[in-house]
1. Which one of the conditions (1) at pLDDT 75 or above; (2) in contact with a Pro (Cβ under 8 Å, 6 or more places away or on another chain) does residue 27 fail to meet, given that it meets all the rest?
2. From the residues in region 131-150 that are of a type outside the set (Gly, Ala, Ser) and in a loop (DSSP other than H, G, I, E, B), which one is surrounded by the fewest Cβ atoms within 10 Å (Cβ to Cβ)?
3. Give all pairs with beta carbons closer than 6 Å in which a residue from region 46-60 that is aliphatic (A, V, I, L, M) meets a residue that is assigned to a loop (DSSP other than H, G, I, E, B); count only pairs at least 6 apart in sequence or on separate chains.
4. Restricting to region 42-77, name every residue that is at pLDDT 70 or above, surrounded by 15 or more Cβ atoms within 10 Å (Cβ to Cβ) and either not β-branched (Val, Ile, Thr) or not in a helix (DSSP H, G or I) (or both).
5. Kindly check whether there is at least one residue in region 161-169 that is touching a Leu at 6+ places or on another chain (Cβ under 7 Å) and surrounded by fewer than 18 Cβ atoms within 10 Å (Cβ to Cβ).
6. Given the condition charged (D, E, K, R), in contact with a helix residue (DSSP H, G or I) (Cβ under 8 Å, 6 or more places away or on another chain) and modelled with pLDDT under 85, answer yes or no: does some residue in region 175-184 qualify?
7. For the structure I just gave you, tell me whether residue 216 is assigned to a helix (DSSP H, G or I) and buried (at least 18 other Cβ atoms within 10 Å of the Cβ).
8. Within region 226-256, which residues are at pLDDT 80 or above and either in contact with a Ser or Thr (Cβ under 6 Å, 6 or more places away or on another chain) or of a type in the set (A, V, I, L, M) (or both)?
Amino acid sequence: MTDAIKNVKVHLIVLGLVVASELIGILTFNVGPGKLVLLPMLYAVFIGAFFGPDFLKIVKQKDMVEASSLVGLTLLLLMARYGTLVGPKFFEILSAGPALLLQELGNIGTLLIGIPLAMFIGLKRESIGAAHSIAREPNVALIGEIYGLDTAEGRGVMGVYICGTVFGTIFYGLMASFMSMMDIFHPYALAMASGVGSASMMTATVGSLSAIYPDMAEKIQAFGVASNTLSGLDGVYMSMLIALPLSNRLYDAIYRLKFGRLAKEN
């Protein structure tokens, strides 16, 4: 940790990325009936990749390893921020009804589909980190605390986290537009579904829905924010108490079917 704090070069690069990304700001593009929303986090990921050892080589592999030790620390600050958001809105969130409280059960669907697919394409313990949830910041913190980020599970959750950052906002923004065109779900239901614990994905969805249903925009935003805030609160407990244990059991069962031996023998 001491070496990471003393690594001035990495801190200056991160500061530059943050400033540049914030100066670019939020960009929106009309795509079909909806909007595509690009947020500063996406720019930081793309620009930062060019500083790595595969492109400009300004940041070495050693620097990346040292910087990874600070991920857990920064996520602690984010989790504290979630707490300050949830507390004042506690009774308001409860009044929204049981649908918001039960939405995190969708994590079970994620792992039931994701882990078999991940193992089918060749992943092993990485599939647990990758598919136990949608792999946003709270889930990265959880996996980092239980397994460590420099493990198979840690590589899995970080891989999905990066993919979600790059492609998630695009997918959610367009999906909201197409789902609204199908006229199957109420706009409020789609807004609630956008709250998966990712501010960028929720913003992209709410932005598209607000553009399509301007008369409902205020309530759509309220449901999206409440849903996302609640996901940041109960999503961690859902992952820790239900999703991760179930993911490990499912992994062991599939591993035995695929390789004919217990996973712990690997």
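The values are calculated or read from the model by the stated rules, or taken from the named source; none is laboratory data. It should be emphasised that the depicted structure is a prediction, and the values quoted were computed from it without experimental measurement. Here Cβ is always computed from backbone atoms with ideal geometry, including for glycine, and neighbour counts include all displayed protein chains.
1. For residue 27, the exception is condition (2).
2. Here the residue is 150.
3. Going by the 6 Å Cβ cut-off, the qualifying pairs are 56/50; 58/51; 59/51; 59/52.
4. Correct list: 42, 43, 44, 48, 51, 52, 59, 63, 66, 67, 70.
5. For region 161-169, residues touching a Leu at 6+ places or on another chain (Cβ under 7 Å) and surrounded by fewer than 18 Cβ atoms within 10 Å (Cβ to Cβ): present.
6. No: zero hits.
7. no
8. Scanning region 226-256 gives 238, 239, 240, 241, 242, 243, 244, 246, 250, 253, 254.
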